[in-house]
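One structure is given below, encoded as structure tokens.
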Amino acid sequence: MMEHEKPKDLSDERRKPLDGFVLAEYSAVREEIKWIIGQVDTLENTALIFTGAAWAWIATQKWRPLYLLLPLVLSILFFVKRRSLSNSLKEVAAYVMTIEEYFGLPQKNITGWEHHLDKNKPRHFRWWRRAFWFLLIAVNFGMALFTWYYSD
């Protein structure tokens, strides 16, 4: 038996509970995907707010060059967390593909969501997410250099 195939030696009666278990697991895993995506959105909002708050705080403090690194370090730490969530999402999506294959997908007209995404590779979200993190880190780095250079 291949890793992703239904067990062929089980009767239909014995396979039904297994199919039910796999469907329940599929639902739970899809919920986990929704949760991870929600965490990514929250993380991006939080990163933007916290780095902005750090710059506002720096503007009210007596000059300390080390303070300029705070927003940059925060944005890098948030980015590392984002990568961790992205890796988790990839692992869960791969498992959903395994479940889809268990039920014989992809077929002619029905592919399963993860197989569909893998085949069509929508890029607009990926492009935006990469641009967001690149700009957040680059702007914080640029602001630190600018502030350092033009400080008293």
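Please give the contour-minus-distance gain from LYS62 to LEU18: 0.36 nm per residue of separation, less the Cα-Cα distance, rounded to one decimal in nm.
9.3 nm
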Q: Enumerate lysine pairs in the chain that are 8 or more residues apart or on different chains, then count those whose Cα atoms are under 26 Å apart.
A: 18
Q) Residue by residue through the range 137-143, which ³J(HN,Hα) values in whole Hz follow from phi under the Karplus form 6.51 cos²θ - 1.76 cosθ + 1.60 (θ = phi - 60°), with glycine and proline marked x? A) 5, 5, 5, 5, 5, x, 5
(Q) So if a site counts as exposed when it's one of the trypsin sites (Lys or Arg not before Pro), its DSSP state isn't H, G, I, E or B, and it has at most 14 other Cβ atoms within 10 Å, what's the longest stretch of the chain without one? (A) 9-61
Q) How big is the shadow of the Cα convex hull of the range 55-152, averaged over all directions, in nm²? A) 7.9
Q. So how far apart, in nm, are the two label points at LEU105 and ARG30 if each is 7 Å from Cα heading toward Cβ?
A. 0.8
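We did not get these values from a lab; they are worked out from the coordinates using the rules stated. Given the structure is predicted, the values throughout are model-derived calculations rather than measurements. Neighbour counts run over all protein chains shown; Cβ positions are idealised from the backbone, glycine included.
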